[in-house]
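Heads up: the structure comes next, in structure tokens.
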Amino acid sequence: MTRLLHWLLAAILLSLTLSAREKIFVVERENSALAVIDFNLKVNEIKDMHNFNHAVVKFRDNDGYVITRDGYVIKFDPLKEKKLKEYRTSKSAIGFIIGDNYVAVANYDNKTVEILDRDLNPVQSIKTGSRNVGIKEYGDKLIFSCMDNDEIWVMRDTQPGKKVPHFVLEKKITDIGKVPFDAMIDKNLYVVGLFNSPDIGVLNLDTMEYRKVPLNLGKKERILKVPHFGFWSISGKYFFIPAVGNRKVFVFDHDFKPIKTIEVKGNPVFTALSPDKKWLAVTFSGKDFPYVQIVNAETFEIERTFKLPGWVLHVRWSKDTPHLYFSVNTANMVLAYKTSDPDPKKWWKHFEWPVPKPSGIFLFEAPDVKKRPF
């Protein structure tokens with residue numbers, strides 16, 4: 001029996017050794033630093049990261065990248081938690097994507113989209129004459145929206161498979177609506193939000209057909225923080241789209257037929273969908289910054305309203321464990337709530353980490369290591 005027990009313990013320890021761990025990287029908005037949370041502890045900071053007021057972190061393979069408000073792209077090692085290289089693409093950057101062999105940065109200030117290789121060497125500069133947003137990739141295509149020109153540009157890589165790409169303009173869609181501000185992509189559909197039009201735009205990237213889908217916005221309220229789109233707003237059945245200046249989240253099916261308008265507490269900023277597609281976490285701006293509402297993504301009913309101890313600037317669902325992370329900026333903390341109970345009213349605070357002025361939460365997991373079987 002003792003030998004069997006030792007064997008079982010050894011097997012458990014081996015499985016834990018082989019399993020991946022989800023490392024959490026949190027933007028410290030005022031400190032030009034990236035906090036690292038690992039093994040449920042805040043273990044490190046990556047410092048000297050420039051203006052972090054609107055910093056975004058992404059991962060590809062075992063590489064980490066950041067863009068900063070003042071136009072720097074920074075490459076870092078998420079395993080060793082070490083800054084590797086930086087390159088300034090402009091005075092103000094807003095979004096970026098990482099391809100297999102490139103990094104593409106959408107800029108505000110110098111009105112270009114800059115193409116770098118994966119080691120941040122400049123490859124190509126695409127002049128647009130506009131601030132650029134909503135940058136995405138689809139096969140050999142690069143897609144972005146021009147905020148000042150009310151256009152969508154579709155670029156095509158003329159040398160796919162080569163060490164570096166070279167993009168040419170394949171299609172320019174004009175008069176798409178007033179002031180595109182962000183976009184999401186699902187399969188062959190590029191969906192763009194329009195700040196000054198009561199619509200969203202949908203571009204089929206296979207046929208290049210564009211159409212506007214009307215939104216029942218009603219009277220706009222004052223906007224303190226622009227809504228953000230992303231992959232987390234798309235389920236197998238629905239698109240969840242936060243309204244601009246209204247206390248609503250719109251639900252469409254994948255043919256963009258309207259399904260439901262969810263009335264929420266405030267002007268939504270993020271609509272973050274859980275990995276199992278069951279729950280939608282909605283954050284707000286203005287006086288409703290401390291609140292997060294949990295919506296049933298099938299019935300569209302609001303199941304719980306959290307009031308956190310400060311302004312919530314970001315939320316993120318764990319992909320590894322049953323947790324929902326809250327970035328509580330004015331309380332200098334990141335919280336993790338346990339979400340394993342099927343009733344959101346029974347979710348409870350599991351961890352609390354001190355992080356000065358946190359905003360974006362980003363998750364990294366080494367792709368070549370098995371996940372834990374949760």
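The values are calculated or read from the model by the stated rules, or taken from the named source; none is laboratory data. From a predicted model like this one, the values you see are computed outputs, not experimental measurements. Positions of Cβ are generated from backbone atoms using ideal geometry, with glycine treated the same way; all protein chains shown enter the neighbour counts. Heads up: the accessible areas ignore ligands, DNA and RNA and are worked out on the full protein's heavy atoms, side chains in. Shrake-Rupley method; radii C 1.70, N 1.55, O 1.52, S 1.80 Å.
When we screen Leu194, Leu169, Leu205 for residues that are open to solvent by 50 Å² or more (accessible area, probe 1.4 Å) and among the aliphatic types (A, V, I, L, M), the only hit is Leu169. When segment 135-145 is filtered for residues that are closer than 17 Å to Arg211 by Cα and among the hydrophobic types (A, V, I, L, M, F, W, C), the ones remaining, listed by number, are Ile143, Phe144. Do we have Ile262 as aliphatic (A, V, I, L, M) and within 19 Å of Ser318 (Cα to Cα) here? In short, no. Taken over segment 17-73, the residue count meeting the criterion of being among the acidic types (Asp, Glu) and under 16 Å from Ser318 (Cα atoms) is 2.
Is it true that some residue in segment 30-46 is in a strand (DSSP E or B), open to solvent by less than 70 Å² (accessible area, probe 1.4 Å), of a type in the set (Ser, Thr, Tyr) and farther than 28 Å from Pro322 by Cβ? No, every residue in segment 30-46 fails to be in a strand (DSSP E or B), open to solvent by less than 70 Å² (accessible area, probe 1.4 Å), of a type in the set (Ser, Thr, Tyr) and farther than 28 Å from Pro322 by Cβ. Residues that are under 18 Å from Phe96 (Cα atoms), modelled with pLDDT of 95 or more and part of a loop (DSSP other than H, G, I, E, B) within segment 164-178 comprise Pro165, His166, listed in sequence order.
Out of Asn332, Asn296, report the one residue that is free of Cβ contacts under 8 Å to residues at least 40 places away in the same chain, open to solvent by 20 Å² or more (accessible area, probe 1.4 Å), among the polar types (S, T, N, Q) and closer than 21 Å to Glu28 by Cα.
Asn332
For segment 38-50, residues that are at negative phi, modelled with pLDDT under 95 and in contact with a Lys or Arg (Cβ under 8 Å, 6 or more places away or on another chain) total 1.
For Lys178, the criteria (1) open to solvent by less than 30 Å² (accessible area, probe 1.4 Å); (2) under 23 Å from Val269 (Cα atoms) hold in every case but one, which is (1).
On the given criteria, is Gly266 surrounded by fewer than 21 Cβ atoms within 10 Å (Cβ to Cβ), under 30 Å from Trp311 (Cα atoms), at pLDDT 90 or above and in contact with a strand residue (DSSP E or B) (Cβ under 8 Å, 6 or more places away or on another chain)? Spelling it out, Gly266 is indeed surrounded by fewer than 21 Cβ atoms within 10 Å (Cβ to Cβ), under 30 Å from Trp311 (Cα atoms), at pLDDT 90 or above and in contact with a strand residue (DSSP E or B) (Cβ under 8 Å, 6 or more places away or on another chain).
Cβ-Cβ contacts under 7 Å between residues 6 or more apart (or on different chains), taken from a first residue in segment 306-320 that is within 16 Å of Trp353 (Cβ to Cβ) to a second residue that is open to solvent by 10 Å² or more (accessible area, probe 1.4 Å) and part of a loop (DSSP other than H, G, I, E, B), are listed as Leu308/Pro290; Gly310/Pro290; Val312/Phe289; Val312/Pro290; Ser318/Glu22.
The strands (runs of 3 or more DSSP E) located wholly in segment 260-341 that include 1 or more residues which are under 17 Å from Ser235 (Cβ atoms) occupy 268-273, 279-284, 291-296, 302-307, 312-317, 323-328.
For segment 47-66, taking the residues that are under 19 Å from Asp119 (Cβ atoms) and under 13 Å from the mean Cα position of the chain (by Cα), the one that is surrounded by the fewest Cβ atoms within 10 Å (Cβ to Cβ) is identified as Lys58. The criterion of at least 2 residues that are more than 16 Å from Val179 (Cβ to Cβ) and in contact (Cβ under 8 Å) with a residue 60 or more places away in the chain is met by the following strands (runs of 3 or more DSSP E) wholly inside segment 83-163: 141-146.
Quick check on segment 342-364: of everything there that is touching a helix residue (DSSP H, G or I) at 6+ places or on another chain (Cβ under 9 Å) and assigned to a strand (DSSP E or B), which residue is surrounded by the fewest Cβ atoms within 10 Å (Cβ to Cβ)? By that ranking, first place goes to Ser359. Right, Lys220: modelled with pLDDT under 95, closer than 30 Å to Trp317 by Cβ, exposed (fewer than 14 other Cβ atoms within 10 Å of the Cβ) and of a type in the set (Lys, Arg) or not? Considered against the rule, which asks whether it is modelled with pLDDT under 95, closer than 30 Å to Trp317 by Cβ, exposed (fewer than 14 other Cβ atoms within 10 Å of the Cβ) and of a type in the set (Lys, Arg), Lys220 comes out as yes.
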